[in-house]
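Reading through the C-alpha cells given below for one structure.
The values are calculated or read from the model by the stated rules, or taken from the named source; none is laboratory data. Just so we're clear, the structure is a prediction, and the values are computed from it rather than from any experiment. Here Cβ is always computed from backbone atoms with ideal geometry, including for glycine, and neighbour counts include all displayed protein chains.
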Amino acid sequence: MIRHALFLSATLLMTTALPSLHAATPLESAQASSHPTVILRGDYADPTILRDGDDYYLTHSPFLYAPGFLIWHSKDLVHWKPVCRAMTKVVGSAMAPDLVKCNGKYYIYFPAANRNWVIWAKDIRGPWSDPVRLEVNYIDPGHVVDEKGQRWLFLSEGYRIRLSDDGLSVIGQKEKIYDGWDYPANWKTEGKFLESPKLIRKDGWFHLISAEGGTAGPATSHMVITARSRSLAGPWENSPHNPIVHTWSADERWWSKGHGSLVDDGHDHWWIVYHAYENGAYPLGRQTLIEPVRWTAAGWVEAAPDAPRLPASVQDMPLSDDFAGPELGLQWTTWRDYNPADITLKNGSLHLHAKGTTPADARLLLTTATDSAYTIQAEVTLVSGSTGGLVLFYNEKAFVGIISDGRGFTVYEDAQHTTRHDNFPGNHWFLKIVNDGQACSLFASRDGNAWTTVRSGIDVSQMHHNRFKGFFALRPGLIAAGAGDVRFNHFVYNPR
C-alpha cells in the first residue's frame, strides 16, 4: 500500500503540470489544514455517501419534509449538484438513511414510524419505488454483504438482521452482535446511544463505523467510533483510535460532530463524511462535513488532522426561484404531506392551494437555508379569499411569519404570540423577512421598492432541536392558508 502522506506529496507537486482541461481529483484539490470542510451548508443531517465508479452520491434525512431524500452528485467531492428527490410519500419522520448499490440496483434504507423501510431504483436519478416496509424495528439501518454474498441490515444498539436476496424483506429475527465502545465516564454526552452503523470491507476485515453519545444536547455529545471483525457475526474489536471524530470542547467551531461514513477515491485515499451543528447557529440544523482519514500499518482507520483537506465546496442549488419552469425546483419541500395537485406552476407564477388557518396547519412550501443570516422576499397575491405570506418554520410549535388576509397583516412572533396590523389592506404585496442570525425583522411593500417595517427584533435563536425536538431546522418558505390559492412570484433568497 502506498502511504497516504507520500502519495499526497507527489500528487500535489504534479498538479502544476496538469493540463487546464484536467478534472482535479479530490486529492489534487486538497489543502493542508486541521479543520473539516463543509460539503453541504444548511440542514443536511445524517449523511450517507456512495462512490459509484467515478461518481459520488450523497443523501440525508428528510424527516417530515417531502419529497424526501434529495440526492446530490459530485465527481470530485467538492462540486455538488442535486439530481433528484427519491421519495414522495411520507411514512413518518424518515431519518438516518443508508444509500447503497447492490447487484446493479440502488437502495435507500431508512427508519420511520417505528419500522425500517427501503426504496429502490435501477437508475439513481429515478424513478424510485414507493417505500417498502421491513418488519423490523430499531433505527439507522446499515446495509452490508457478507463473505457468502448474503445481505444484512445492521441496526442501532448493535443488532443485525438478515435480508432477502432482493433486499426488500427481512429473514428471521434480529440478533445482538456488538456492544459498542465504552468512552470515559466523565465525558459530557446525552448517553451512549449506539447508532448509525455503516459497514465496509477492506483487506479481509469488516469495519463497523458507528455513532455514540447522542446527536444533540451538549456540544461534546456526539462521536464516531469504529470496530472490526473478520466475520459479520463477530467478535468485534474496538479501535484503539476511538473516537475517530468528536467535539472535544464547546470552544470549537463545530458541535456534536458524529454520524460518520467512510468513502475512498478509488486510489486508496480515504475521507470521513459526517454532520455537526455550527457553534452559534443551531437553528440552521446539522451541516455535512468532510475530513481526511488514513489507515494505520495495523489496519485501523484513524483521524488525519494534519493531512490536506478539501477546499470549500460548490453547492450548486440556487434557492431563489422565478417559477418559470414547468416543474417545482429541487430546492422546495412541503411539510408532512405532499400532493402535486396542491402546487401549480403557470405563466411564471407559483400557485399554492390553501389550507388551515395558521403556520401550524397551513400549506407550506419550504427551502433549506444555507446561511445563518439571510433575507427572503417574494411577491404575494391573494386569490379567492386566501391568506398568504412568508414564514420561517421549525415545526408546529416554533415559527415566525408574516401573512396577509387582504384586510391587514398578522405577524407570528412564535407559535403562541401574534400581533395584528389592520392598517395594511390589499390583496397584492411584496413581503420580506430578514434573519440576521438570531433576530428577525419583517417588512412589507406595495411596489417592492419602498419598504415598511412591520415588526423587528424577533428572537429565533431557540428554535432548534434542543428546545423543540424533532431534529428539524428553521426553514424559510411560503405559506398559504384559508380558502382558494395564493400566487407567488419572484422568490429571492440572499445571504447577508
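Here are some notes:
- Looking only at residues in segment 451-486 that are more than 26 Å from the chain's Cα centre (by Cα) and over 17 Å from residue 401 (Cα atoms), the one that is modelled with the highest pLDDT is 485.
- Among residues of segment 487-496 being under 25 Å from the mean Cα position of the chain (by Cα) and farther than 15 Å from residue 42 by Cα, the one that is surrounded by the most Cβ atoms within 10 Å (Cβ to Cβ) is 491.
- Among the residues of this structure, residue 165 does not count as one that is touching a helix residue (DSSP H, G or I) at 6+ places or on another chain (Cβ under 7 Å) and of a type in the set (Asp, Glu).
- Residue match in segment 185-193 (condition: closer than 18 Å to residue 91 by Cβ, surrounded by 14 or more Cβ atoms within 10 Å (Cβ to Cβ), over 21 Å from the mean Cα position of the chain (by Cα) and among the basic types (Lys, Arg)): no
- Scanning segment 80-110 for residues that are within 21 Å of residue 262 (Cβ to Cβ) and assigned to a strand (DSSP E or B) gives 80, 98, 99, 100, 101, 102, 106, 107, 108, 109, 110.
- Given (1) of a type outside the set (A, V, I, L, M); (2) part of a loop (DSSP other than H, G, I, E, B); (3) more than 15 Å from residue 111 (Cα to Cα), number of the condition residue 138 does not satisfy: (3)
- Taken over segment 286-306, residues that are farther than 12 Å from residue 47 by Cβ and either outside the structural domain of residue 71 (by TED's automatic domain parsing) or in contact with a Phe, Trp or Tyr (Cβ under 9 Å, 6 or more places away or on another chain) (or both) amount to 9.
- Counting the residues of segment 246-269 that are without any contact (Cβ under 8 Å) to a residue 60 or more places away in the chain and either assigned by TED's automatic domain parsing to the domain that holds residue 371 or surrounded by fewer than 20 Cβ atoms within 10 Å (Cβ to Cβ) (or both) gives 5.
- Yes/no for residue 450 being in a strand (DSSP E or B) and within 17 Å of residue 380 (Cβ to Cβ): no
- Of all the numbered requirements in (1) in a strand (DSSP E or B); (2) more than 25 Å from residue 202 (Cα to Cα), residue 152 misses one, and that requirement is (2).
- Filter result for the condition that a residue is in the same structural domain as residue 397 (by TED's automatic domain parsing) and either in contact (Cβ under 8 Å) with a residue 40 or more places away in the chain or not in a strand (DSSP E or B) (or both), over 324, 276, 341: 341
- Residue in segment 292-313 that is under 18 Å from the mean Cα position of the chain (by Cα), part of a strand (DSSP E or B) and closer than 17 Å to residue 38 by Cβ present: no
- Taken together, 443, 468 contain a single residue that is surrounded by 15 or more Cβ atoms within 10 Å (Cβ to Cβ), over 30 Å from residue 92 (Cα atoms), in the same structural domain as residue 369 (by TED's automatic domain parsing) and not acidic (Asp, Glu), which is 443.
- Total residues in segment 266-279, condition at pLDDT below 95 and touching a Lys or Arg at 6+ places or on another chain (Cβ under 9 Å): 2
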